[in-house]
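Peer 1: Sharing a structure with you now.
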Amino acid sequence: MKKIILPMFALTATAMLLPSCSSDDIDIQTGDATVTLSATLPDGLQTRTFGDGYTAKHLQMVVLDGDTKLPVFAGEKDVYSAMFADNSLTADVNVRLASGKTYTVICWADAAEGSPYEFSTTDYTVKATYGENCMVNDDRLDAFYAAETFTVKGDGTQTIEMRRPFAQLNIGADDIKAANTAGFEATEAKVALPVYTGLDLRNGNVTDRKYVNFNYNTVRPDGETFPVAGYEYLTMN
């Protein structure tokens, strides 16, 4: 196949939001305000070409005191962990916080099973370990994050807008039909490329750049339009 194009662009979206899962009540600390922390993918974002994001169901959330920068949870509750409800990218947590104080909420969401990411509960970074089982066109590599600082003004809801930390790599060719006519049909693809494997959720800084091989997986997604005219999909990463 003579011509291949690999446009890379950041997409920070997916899927229509549905009603949130049931709220969870957590006794964080003594406070005079009940605040609902609503971790959600914001409405109106551009939909990803394919991959709806619903594999990223496992949510981890930390609430930091604005003065001490320490978690306001106690003991085992330092990190709140929950699952998004089916077909929903919104999860609510009810907490008691002090009016007039400032807090920072840090969130990370990834696949409940098969995710290569590890969220650190001490320095709030994420490390990606891409092993032999990592493939192209794999929704288990999807994830979302957020870090938002706010001041409590009383009872109410604080929306935490989560976004993808990754770009989407689209791989296509302009002579797929000609290749098929000549008797060649691509059924699988793999990709090797440099990626960052460390992310600081507090500031978005990335670290540990290395080459990673994403192994063979099924190609040619059905019913998807390649973002560059005249080309057709081979796969994405």
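The values are calculated or read from the model by the stated rules, or taken from the named source; none is laboratory data. Only a predicted model underlies this, so the values are computations on that prediction, with no experimental measurement involved. Don't worry about glycine lacking a Cβ; one is built from the backbone with ideal geometry, like all the others, and counts go over all protein chains shown. Please note that ligands, DNA and RNA were not included when accessible areas were found on the heavy atoms of the full protein model with its side chains. Shrake-Rupley method; radii C 1.70, N 1.55, O 1.52, S 1.80 Å.
Peer 1: Would you confirm whether or not segment 172-190 contains a residue that is of a type in the set (V, I, T) and in a strand (DSSP E or B)?
Peer 2: First, pick out the residues of segment 172-190 that are of a type in the set (V, I, T): 176, 181, 187.
In the following step, the residues that additionally are in a strand (DSSP E or B) were identified as none.
Among the residues of segment 172-190, not one is of a type in the set (V, I, T) and in a strand (DSSP E or B), which makes the answer no.
Peer 1: Specify which of the listed residues (S99, S115) is touching a residue at least 24 places away in the same chain (Cβ under 8 Å), part of a loop (DSSP other than H, G, I, E, B), polar (S, T, N, Q) and surrounded by 17 or more Cβ atoms within 10 Å (Cβ to Cβ).
Peer 2: Going through S99, S115 in turn, the sole match is S115.
Peer 1: With (1) outside any loop (DSSP other than H, G, I, E, B); (2) surrounded by fewer than 18 Cβ atoms within 10 Å (Cβ to Cβ) as the list, and V105 as the residue in question, which single condition is left unmet?
Peer 2: (2)
Peer 1: If you don't mind, another one. Starting from residues that are hydroxyl-bearing (S, T, Y) and closer than 25 Å to E132 by Cα, keep the ones in segment 173-197 and report whichever is surrounded by the most Cβ atoms within 10 Å (Cβ to Cβ).
Peer 2: Residue satisfying both the conditions and the ranking: T197.
Peer 1: Of all residues in segment 217-237, which are surrounded by fewer than 15 Cβ atoms within 10 Å (Cβ to Cβ) and out of contact with any Phe, Trp or Tyr (no Cβ under 9 Å at 6 or more places or on another chain)?
Peer 2: T218, D222, V228, A229, G230
Peer 1: Only one of these conditions is not met by Q158: (1) more than 20 Å from L141 (Cα to Cα); (2) in contact with a helix residue (DSSP H, G or I) (Cβ under 9 Å, 6 or more places away or on another chain). Which number is it?
Peer 2: It fails just one condition, (2).
Peer 1: Looking at T235, T225, which is the one that is in contact with a strand residue (DSSP E or B) (Cβ under 7 Å, 6 or more places away or on another chain), over 30 Å from Y124 (Cβ atoms) and not hydrophobic (A, V, I, L, M, F, W, C)?
Peer 2: Checking each option against the conditions leaves just T235.
Peer 1: Find the residue count for segment 131-150, including only residues that are more than 23 Å from N203 (Cβ to Cβ) and open to solvent by 30 Å² or more (accessible area, probe 1.4 Å).
Peer 2: 7
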